[in-house]
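The values are calculated or read from the model by the stated rules, or taken from the named source; none is laboratory data. Only a predicted model underlies this, so the values are computations on that prediction, with no experimental measurement involved. Cβ placement follows ideal geometry from the backbone for every residue including glycine, while neighbour counts extend to all protein chains displayed. Note: areas computed on protein heavy atoms with side chains; ligands, DNA, RNA excluded. Shrake-Rupley method; radii C 1.70, N 1.55, O 1.52, S 1.80 Å.
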Amino acid sequence: MHKEFLMGNAAIALGAVAAGVNVVAGYPGTPSTEVLETVAKYRPDDVYVEWSVNEKAAMELAAGAAYAGARSLVTMKQVGLNVASDPLMSLEYVGVKGGMVILVADDPGPISSQTEQDTRHFSRFSKLPCFDPSSAQEAYEMIQEAFEYSEKYKTPVFLRPTTRVCHGYATIDIKDKSEYYHNKPEGFIKDSKRWVIFPKLSFMNHQKIEARNKELSDVFSSYEKNKLIPACDKYADSKKGIASGGISYTYAMETLKETGMVRHLKVSTPHPFPEKLAVEFLTGLDEVLCLEELDPVIERELIYICGKYHLNTKIIGKLSGDTACAGENTRDSVSNYIHTFLGLDTPKAQKLPEPPALPVRPPVLCAGCPHRASFYAVKTAMKGKKTIFCGDIGCYTLGNAMPLDMVDTCLCMGAGLNIAQGVEKVEPDTTCFAFVGDSTFFASAITGVVNAVYNQANMVLIVLDNSTTAMTGHQPHPGTGQTVMGEIVQKINIEQVLRGIGVTEIETINPLELEASVSCVKRMAEKSGVRAIIFKAPCIAVTKPKAPLHVNQDSCIGCKKCIRDLGCPAIVMNDGKICIDASMCTGCHLCSQVCPVCAIAGGDDHE
Ligand code: SF4
Ligand code: SF4
């Protein structure tokens, strides 16, 4: 063993490698992304890693590998599990042979997601065991244990960290390479009674799953990471207890070190719930405070157990309104909950020196982002027309910000397309646009296009092709011609895909050529059926910036059109004058095409 200072996600990845993982697949999404990237970086040569086109594909690939006896890991964020839920729900009825861990990172807050959903519900819903780490060290150990439980019980298992476990850093004990477990997959053994799901098989296996989960509840009552921590002398006679899980356990322990320990139940396996341990914890207590993020899963389980065992214990938490029902817990919020619960004075927040004023950074598209040019071209072309702009998930959701204001709807990945189709059915006189990024196109838009073409929709699909998965950190995708293992592969051409699925009107254009782009949008808007414009220009983060532009103050008439129309953060006001911040400008030349008096010049095309 040795110590390393690691991010929680890196600890999870190295834990998987130490556990002898053979196959890893996933789809990027905060806060899960670094797990797969770290495995890809540190993997032994015989470990296969891929960014799949979406979570469903990743889940199915990991299942296939586990059928063949491999240890497999599939990674995603919580909303990705919605995409993968179809194979997930059936997979439990079939089971696995090799260990299979489904890593789903939840995002309380939410900080970078469209929902605050709690994967512990999915665990109960799909009947899969769930491990909920409270720290990077625990996550490192838990994923190794999760593989063992998965193999022993022939079931996929969840590892469900939340943001602060994923992204927090800590010095942790990790194994030396010589201590790694090596799994040699047996290979796929044909057995249609086992691997082909039929109603009869599901009925039989359902009974086995329920019995197994009952057994696991007992097993988990003795699992060392589910703990009953006794009260200290000060609270030995207290009838109050605390139950916690995940990062809230870590926060609670920090506070309880100061206040003195009350009886404390740590829940590391929210499903199957360690019922026997919980009964032992609850017996003799009058009141229990539950500390957890997202939904009141522990709270509900304890209420259920009190009812089942006729225990007269009052359970409080989110359901009772004693803790917040939404958002992240923090060290301070948990401390306040505990002090209030124990009847102690709430500690005064430590007065910290005022931080230096930070520059205001509203969430906007980057300076030089080609999406700005695409949105602006559509906006200019459709000015005065009845339109709807259906957005999607990616950097380009920021097209909703002023002054662009070009996202009227956004639901989930790939949804914009069929939302546009639905609006058009109700408002045939509206020109319906759907915007989708290149990575999202491959992840979940292709079936939507097929649906729209087959059902004779009337809409304009805009593919914002910036040749990367920008929002999650520039992961490769099928259109980039590279894999996460560094292989160069054939690029899948979006225009050819669109033609192949029946779109006949397609134009590909560089959105930074403003006049041509506006004409293209006008042309396409006049046509009928499903037509597509591919705005193709690389993300500024994957290309070398060009020389910055500047405003010629002698020519500038101060009309502010460049600021008002584009909202490029590189264009600023200095002493009442319009200027370009050379440190931010990427020389995209969009503003120089907007200025009515050609006052913006420079860049690579010097005057
Ligand atoms: S050229 Fe203009 S629009 Fe492009 S990054 Fe520079 S200031 Fe912004
Ligand atoms: S659009 Fe041109 S003239 Fe108007 S403020 Fe900007 S640089 Fe000056």
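Each part reduced to its alpha carbon centroid, the stretch 497-542 and the stretch 104-142 end up 39 Å apart. Averaging Cα coordinates gives a centre for the stretch 1-71 and one for the stretch 234-274; these two points are 31 Å apart. Per-residue SASA remark: ASP218, around 70 Å² accessible (1.4 Å probe; ligands, DNA and RNA not included). Across LYS208, LYS266, the residue with the most accessible area heads the list, and the full order at a 1.4 Å probe is LYS208, LYS266. Accessible area per residue was computed with a 1.4 Å probe on protein heavy atoms; PHE273 scores about 10 Å².
In this simple spin-label approximation, ASP332 and GLU526 carry label points 7 Å from Cα along the Cα→Cβ vector, and these lie 6.0 nm apart. Taking label points 7 Å from Cα along the Cα-to-Cβ direction, ASN451 and MET584 give a separation of 3.8 nm.
Please report Rg over Rh for the stretch 104-255, where both radii come from the alpha carbon positions and Rh follows the Kirkwood definition. Value, to two decimals: 1.02.
Applying a DSSP loop filter and a limit of 14 other Cβ atoms within 10 Å to the trypsin sites (Lys or Arg not before Pro) in the stretch 526-607 leaves LYS527, LYS560.
Computed over the chain, relative contact order equals 11 percent, with contacts defined as Cα pairs under 8 Å that lie 6+ residues apart. For the stretch 416-424, putting each phi into the Karplus relation 6.51 cos²θ - 1.76 cosθ + 1.60 with θ = phi - 60° gives couplings of x, 4, 7, 5, 4, 4, x, 4, 5 Hz, in residue order, rounded to whole numbers and with x for Gly and Pro.
Legend: distances between Cα atoms for LYS56/LYS77; LYS152/LYS193; LYS379/LYS561; LYS3/LYS177; LYS56/LYS184; pairs beyond 18 Å are LYS152/LYS193; LYS56/LYS184.
Only Lys, Arg, Asp and Glu count, each charged at its Cβ (+1, +1, -1, -1), so figure out the dipole size of the chain about its Cα centre, rounded to 20 debye. Please report the intermediate quantities before stating the final value.
Working: 60 positive and 69 negative charges, 174 e Å.
The calculated dipole for the chain is roughly 840 debye.
Applying D = kT/(6 pi eta Rh) to the stretch 167-270, where Rh is the Kirkwood radius over alpha-carbon pairs, T corresponds to 10 °C and eta to 1.306 mPa s, the Stokes-Einstein value obtained is 86 µm²/s. Size estimate for the stretch 227-341 follows the Kirkwood approach: the inverse of mean 1/r over distinct Cα pairs works out to 13.8 Å.
Order these peptides, 460-468, 318-326, by their mean beta-carbon neighbour count within 10 angstrom, highest first. Kindly include the intermediate steps, with their values, before the conclusion.
Working: 460-468: 25.8, 318-326: 15.1.
The peptides rank, most packed first, as 460-468, 318-326.
Taken over the Cα atoms of the stretch 2-220, the convex hull encloses 111 Å³ per residue.
For the chain, what does -39500 (n - 2.57) per DSSP helix run (n ≥ 4), summed and divided by total residues, give at 222 nm, in deg cm²/dmol to the nearest 500? Could the numbers behind the result be given before it?
Values: 21 runs with 216 residues, N = 607.
Result for the chain, helices only: -10500 deg cm²/dmol.
Phi angles across the stretch 569-576 convert, under the Karplus curve 6.51 cos²θ - 1.76 cosθ + 1.60 with θ = phi - 60°, into 3J(HN,Hα) values of x, 7, 9, 10, 9, 10, 6, x Hz, Gly and Pro given as x.
Largest to smallest in accessible area, the residues PHE188, PHE125 fall in the order PHE125, PHE188 (1.4 Å probe, all protein chains included).
How long is the gain from ASP345 to LEU358 if the chain were fully straight, where each residue apart is worth 0.36 nm and the alpha carbon distance is subtracted?
Working: separation 13, 0.36 × 13 = 4.68 nm, distance 3.36 nm.
Difference between extended and current length: 1.3 nm.
Two decimals, Cα atoms only, Kirkwood Rh: what is Rg/Rh over the stretch 549-602? Let's see the in-between values first.
Working: Rg = 9.6 Å, Rh = 10.8 Å.
Ratio of gyration radius to Kirkwood radius for the stretch 549-602: 0.89.
With the alpha-carbon atoms of the stretch 370-542 aligned to their principal axes, the span from lowest to highest coordinate is 48, 35, 29 Å, starting with the largest. Inter-label distance, ASP45 to CYS412: 4.2 nm, where each label sits 7 Å from its Cα along the C-beta direction. Here the Kirkwood formula, the inverse mean of 1/r across different C-alpha pairs, assigns the chain a hydrodynamic radius of 26.7 Å. Using R0 = 51 Å, the C-beta based FRET efficiency linking ASP191 and THR283 works out to 0.65.
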